[in-house]
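Here the structure is laid out as structure tokens; the discussion comes afterwards.
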């Protein structure tokens, strides 16, 4: 059980390199229960790698990661049941229909909120016909919406989202944010998500973390960071993640 | 006509610069093979070293073969992809240049082959074969009809055309005219490979990409490599298996079914059915008529058919690795599920399931092949022979089944080579043992294949269990 | 007691002003201007969060600040209501609320190198126009 204050996610001195390139370098990060954290960084900075290492999907070169107090390399069944994840690349099993896909994953989880799934499918445009269409014939946006529904279906305590709305139009994104506000944040879920759509982050993220050169270089409450610097989130992003070498006259 | 420099640039992009300039056709092994072939044929057919014309023709033949390979495997795929719908409209001179190069290459190969063999008909046959390849990979199968008709014109023409016309083409001038006509037809038909833009072009490009990816031209085929799709019957069987596994919450089965219907045994139902059908049809054909040519044809087709089916058995495990590497994101999610995500058990479960699937596929195909041979009534020895060959092929198939899937795992070129060598050794040993015991090699082949196969499975399974967690596959590559 | 819908509020992303501050300013303006009468029920945190698709904690923060300032009052079991002051705030205090907007306008006027009389004349014309 988590007492308030013990981090739900703890990364200590995490290092990961691909060949010669050190993507994560001595990274420390903690996420407390109930936090809604936006992870920001430039393209190729390693946000996806960081999230994958955080969930134990990649082996670390150095350092340790604990989720719910357990070492991430050997999560217990109970811990795995509390995690929801939307990976960046939605390579869903494209021979299955949405109904089949959800049934498949339903068998994997002890708890599955059928009512929530039905509600989301209905509200997000999955009519009876679409639910019986193989995923390979769905559009990118529909596939992404399906991946999000699947991640929310088992009422996770920790929700990790890697560019979850990249293929959605503004209405789709607004629906997603509403669902986050209503169904996820209200329940006290911890949410970590990386996205380039800063307006979405501004609305929903209470905390921000900036990944640069393999470390979290800036983190804190979004409001405080914006008020201290007296800039918009976009300018804060550019200012924090800009390379020293690529300084251009503002 | 474009300036020569543009032709040279197009040629370079489509051939030399493929695969980062290291395509295997330019590599030492292939050139070495050709050198050896040249030397062998030259020495073999010419005891008199002053017969330069003959040697020159052999050299020309080898060069023309290499050119034909380069034309089919390097130039064609790249040129078809370069001629996308957008490029065709915006860069018409590129399309023309590619057309000219394609036609010139084809004509060159055809003529070279004709000269090398000393017979223009041989050149035409090669030319028609190249056309067939090109049109199939260019997703223009209907145009094949014309090509086949042209290729068979010698015996088709007297049946279809009035005798006067046939007589006009009979003399040498007529023959030359016919040859030229066929040549012209060949160059013209290549135009079908390079359309000039529009909706039809976009549809064709999609089909061409599929065909090229199937042909292995992954580096030029646009888009991700499409995968084979299972037929409707197979999908239904797969769906039932999926529901059953879901109801029973069988973690191992669910993991394996996540590889898709292509990796399920039901995908081979159609193939197995066809094999048995071929046997039945051959039997019926023999009942119908006992004529000698029909028997010869049926025997020939039967032999060739069964041999290629045995080859299919050897390749039956190739798609497991492919499917595993295709869905890394979903495999990551499976790692995080309570039921199937236990890292200590995942490799064990996957290994067991892969083995089960591989053996099931083998059993299904072998049963079909043996049944077809039996129905075809080629004799007990033939049945035993086919079974032995299936065992040998099964041993090959099992080699690349298990491995370190977190890395590259499964089949690789090196592993395929090793499997082929081991199979050849087994085959040779069984032949030797059979000869030594004054019997057929087949029982020995069966025993050796089973023994070698079991050893390989034990060894690769141990390696797989000691390797890191297989899901998400290919992450350490 | 009129019940105000959550759609009364709007926020703009991409500005240098955090969302909670935008909400606070909006409520202050509406209360001072009289659209929010004392005793009116405010929409719940959850309703506003849903309507604007913002984190409920942000709305809570805004409400908390407004409660501290005395603009809103928490009624047990009834959520937030507009604090009763009975009277409209004096015009001097209300005018102070307009200061940020006027400062922005003044900055722009200076950038355009306009003299104060022209600007004031323009402002007077606008004020006389229909609302």
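The values are calculated or read from the model by the stated rules, or taken from the named source; none is laboratory data. Please read all numbers here as calculations on a predicted model, not as lab measurements. Because the Cβ atoms are built from the backbone with ideal geometry, glycine has one as well, and the counts that use them run over all protein chains shown.
Structure values in brief
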| read-out | value |
| --- | --- |
| Test: residue in segment B:10-18 that is part of a helix (DSSP H, G or I), surrounded by 11 or more Cβ atoms within 10 Å (Cβ to Cβ), within 24 Å of the chain's Cα centre (by Cα) and modelled with pLDDT under 70 | yes |
| Residue selected from segment A:123-152 under the condition buried (at least 18 other Cβ atoms within 10 Å of the Cβ) and in a loop (DSSP other than H, G, I, E, B), by the criterion farthest from the other protein chains (Cβ to nearest Cβ) | A:126 |
| Residue tally, condition surrounded by 11 or more Cβ atoms within 10 Å (Cβ to Cβ), more than 12 Å from residue C:70 (Cβ to Cβ) and at pLDDT 80 or above, over segment C:80-100 | 3 |
| Pick from segment C:31-58, criterion buried (at least 21 other Cβ atoms within 10 Å of the Cβ), assigned to a loop (DSSP other than H, G, I, E, B) and at pLDDT below 90, ranking: nearest to the other protein chains (Cβ to nearest Cβ) | C:42 |
| Number of the condition not met by residue A:171 [criteria: (1) closer than 21 Å to residue A:51 by Cβ; (2) more than 9 Å from chain C (Cβ to nearest Cβ)] | (1) |
| Test result for residue B:345, touching a residue at least 60 places away in the same chain (Cβ under 8 Å), within 14 Å of chain A (Cβ to nearest Cβ) and over 18 Å from residue B:323 (Cβ atoms) | yes |
| Those residues of segment B:433-450 which are exposed (fewer than 15 other Cβ atoms within 10 Å of the Cβ) and modelled with pLDDT under 90, in sequence order | B:435, B:436, B:437, B:438, B:439 |
| Every residue from segment A:153-183 that is in contact with a strand residue (DSSP E or B) (Cβ under 6 Å, 6 or more places away or on another chain) and not in a loop (DSSP other than H, G, I, E, B) | A:158, A:159, A:160, A:161, A:162 |
| Lone unmet requirement of (1) within 14 Å of chain C (Cβ to nearest Cβ); (2) crowded, with 20+ Cβ neighbours inside 10 Å for residue A:210 | (1) |
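Yes/no matrix, rows are residues, columns are (1) on the phi > 0 side of the Ramachandran plot; (2) part of a helix (DSSP H, G or I); (3) at pLDDT below 75; (4) within 14 Å of chain A (Cβ to nearest Cβ):
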residue: B:154; (1), (2), (3), (4): no, yes, yes, no
residue: B:164; (1), (2), (3), (4): no, yes, yes, no
residue: B:170; (1), (2), (3), (4): no, no, yes, no
residue: B:180; (1), (2), (3), (4): no, yes, no, no
residue: B:184; (1), (2), (3), (4): no, yes, no, no
residue: B:188; (1), (2), (3), (4): no, yes, no, no
residue: B:192; (1), (2), (3), (4): no, yes, no, no
residue: B:220; (1), (2), (3), (4): no, no, yes, no
residue: B:243; (1), (2), (3), (4): no, yes, no, yes
